[in-house]
Amino acid sequence: MKNTLTVVDRFLTYVQMDTQSDPTSTTFPSTKKQLQLGNLLVKQLLELGIGDAHLDEYGYVYATLPSNTSKDVPVICFCSHMDTSPDCSGRDVKPIIHKKYNGEDIVLPQDTSQVLRLSEHQPLKKQIGNDLITADGTTLLGADNKAGIAEIMSALQYLVDNPQVKHGTIKVLFTPDEEIGKGADNVNIKKLGAEFAYTVDGEEVGQIENETFSADAVTVNIEGVGVHPGFAKNKMVNALKVAADIISSLPTDSLSPETTSKKEGFVHPIDVKGSVETAQIDFIIRSFNDDDLKNLARVIKDNCEAVAKKFPKAKIEVKVTEQYRNMKKVLDNCEHVVKFALEATKRAGVKPSLNSIRGGTDGSRLSFMGLPCPNIFTGGHLFHSKLEWISVQDMHTVVTTLVNLCVIWEEKSDDL
């Protein structure tokens, strides 16, 4: 029987499944509930006739749509992540379709303080007359990245239902734990068997992203001196106060997420924990330039050295851990991968634009694992928030773009 699920049907089902990842977990995937969606996707892929679809021991979904052309077409992969951000609840998501948006404020019903206003969110201007999907005001929606999953699934369905549309071999990869920076940790590149890939994890329709931040984590461990506070004079060194001094020594008018934009990097403390005796500060540092990233790490180290002089009995240790690197380094060596995505967007009736992400995607890691991987828009907006929204019409545009992309690879394969 022909599969009749629409991209909206799929999306509404996926977002109601709680797949929030957990940055404190030591398991992989970080939460078992992500496997529920993975198992559903495998079932739906099998129903499409994609016989090798399976969930592996790490929670990744792999699948292959075989080529239907006699041409030798490079194998491409579409990738999206199954987890939602820990920044906002993803439990009991109740999606709402707002038909024929007219530009008026959308008050989300279960928390009326959550209001989607055109005056505050300019992309809404392009959505007059369209159907918007939001949550009810108590959770995020989950368009990041269940919109991408629904769009990939619907593109596959279209290709299966329309065998006259010629394409090469298409691989599918759905990953867990992208939101906590672990989405590519256990990808089996050899098993995947793709030469090039596209994450479908971007935002506004038309935006193709070929560049991300380079990213490191910086951990500062502080060892103070604990003494009974009644007898602490000239003896105690409060590790929490040392930590506070390190954070307060950061500039307030630059180098932070709240004071930077475009290609500017930042230093961002994200967690502080401890006691009088010990404390730990976790930072993330981000820059589009690897040398500048080293300079940002140096800012933290210099601040720690300066604070150490004020607290000579304290011990301060700084550890820098690489997270991911700017994928543009890889993509500049295979420009046709990005060029084809821009052309696919244009064929969908949308003016494409090339953009940089002030963040990262699975594609950042995959590119440096030998799988060049730009990022394609999903149509979603205000990710990780209770005001997250997406347009039904934009989701259909993404599906068309993905189908176009498969067609273009087949058309252009003789020239590669």
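The values are calculated or read from the model by the stated rules, or taken from the named source; none is laboratory data. Note that the coordinates shown come from a computational prediction; the quantities given were computed from them, not determined experimentally. Cβ atoms come from the backbone with ideal geometry, glycine included; neighbour counts cover every protein chain shown. When the accessible area is computed, the model is the full protein with side chains, heavy atoms only, and any ligands, DNA or RNA have been set aside. Shrake-Rupley method; radii C 1.70, N 1.55, O 1.52, S 1.80 Å.
Figures for the structure shown
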item	result
Hits in the stretch 96-133 - residues which are of a type in the set (Val, Ile, Thr), part of a loop (DSSP other than H, G, I, E, B) and under 21 Å from GLY206 (Cα atoms)	ILE128
Hits in the stretch 384-407 - residues which are in contact with a strand residue (DSSP E or B) (Cβ under 8 Å, 6 or more places away or on another chain), outside any helix (DSSP H, G or I) and not charged (D, E, K, R)	LEU387, TRP389, ILE390, SER391
Sole exception among (1) at pLDDT below 95; (2) under 20 Å from GLY363 (Cα atoms) for TYR60, by number	(1)
Set ALA244, ALA215: member being in contact with a strand residue (DSSP E or B) (Cβ under 9 Å, 6 or more places away or on another chain) and open to solvent by 40 Å² or more (accessible area, probe 1.4 Å)	ALA244
Test: residue in the stretch 289-303 that is outside any helix (DSSP H, G or I) and within 26 Å of GLY360 (Cβ to Cβ)	yes
Residue in the stretch 367-399 that is most open to solvent (accessible area, probe 1.4 Å), counting only those that are over 25 Å from GLU211 (Cβ atoms) and polar (S, T, N, Q)	GLN393
Residues that are touching a His at 6+ places or on another chain (Cβ under 8 Å) and either of a type in the set (A, V, I, L, M) or at pLDDT 95 or above (or both), drawn from the stretch 354-386	HIS381, LEU382
Filter pass, MET327 being touching a Cys at 6+ places or on another chain (Cβ under 7 Å), hydrophobic (A, V, I, L, M, F, W, C) and farther than 23 Å from MET153 by Cα	yes
Check on ASP414, open to solvent by 30 Å² or more (accessible area, probe 1.4 Å), out of contact with any Pro (no Cβ under 8 Å at 6 or more places or on another chain) and at pLDDT 95 or above	no
Matching residues, the stretch 1-37, being β-branched (Val, Ile, Thr) and in contact (Cβ under 8 Å) with a residue 12 or more places away in the chain	THR6, VAL7, VAL8, THR13, VAL15, THR19, THR31
Members of the stretch 62-79 found to be of a type in the set (Gly, Ala, Ser) and open to solvent by less than 10 Å² (accessible area, probe 1.4 Å), listed by number	ALA63
Residue among PRO312, PRO372 that is assigned to a loop (DSSP other than H, G, I, E, B), in contact with a helix residue (DSSP H, G or I) (Cβ under 6 Å, 6 or more places away or on another chain) and over 30 Å from SER113 (Cα atoms)	PRO372
Residue count, the stretch 256-282 (criterion: open to solvent by less than 50 Å² (accessible area, probe 1.4 Å) and under 24 Å from LYS329 (Cβ atoms))	5
Criterion (in a loop (DSSP other than H, G, I, E, B) and more than 30 Å from VAL337 (Cβ to Cβ)) met by exactly one of THR13, THR69, THR4	THR4
Residue match in the stretch 320-339 (condition: touching a Lys or Arg at 6+ places or on another chain (Cβ under 7 Å) and hydrophobic (A, V, I, L, M, F, W, C))	no
Subset of the stretch 315-366 (residues that are in a loop (DSSP other than H, G, I, E, B) and surrounded by fewer than 17 Cβ atoms within 10 Å (Cβ to Cβ))	ASP332, ASN333, CYS334, GLY349, LYS351, GLY359
Lone unmet requirement of (1) under 17 Å from the mean Cα position of the chain (by Cα); (2) open to solvent by less than 10 Å² (accessible area, probe 1.4 Å); (3) under 18 Å from THR361 (Cβ atoms); (4) not charged (D, E, K, R) for LEU141	(3)
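One line per residue, one yes/no per condition, for (1) open to solvent by 10 Å² or more (accessible area, probe 1.4 Å); (2) touching a strand residue (DSSP E or B) at 6+ places or on another chain (Cβ under 7 Å):
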| residue | (1), (2) |
| --- | --- |
| LEU12 | yes, no |
| VAL15 | no, no |
| PRO23 | yes, no |
| LEU41 | no, yes |
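Rundown of residues vs (1) touching a Gly at 6+ places or on another chain (Cβ under 7 Å); (2) of a type in the set (A, V, I, L, M, F, W, C), yes/no style:
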residue: SER30; (1), (2): no, no
residue: GLY38; (1), (2): yes, no
residue: LEU41; (1), (2): no, yes
residue: ILE50; (1), (2): no, yes
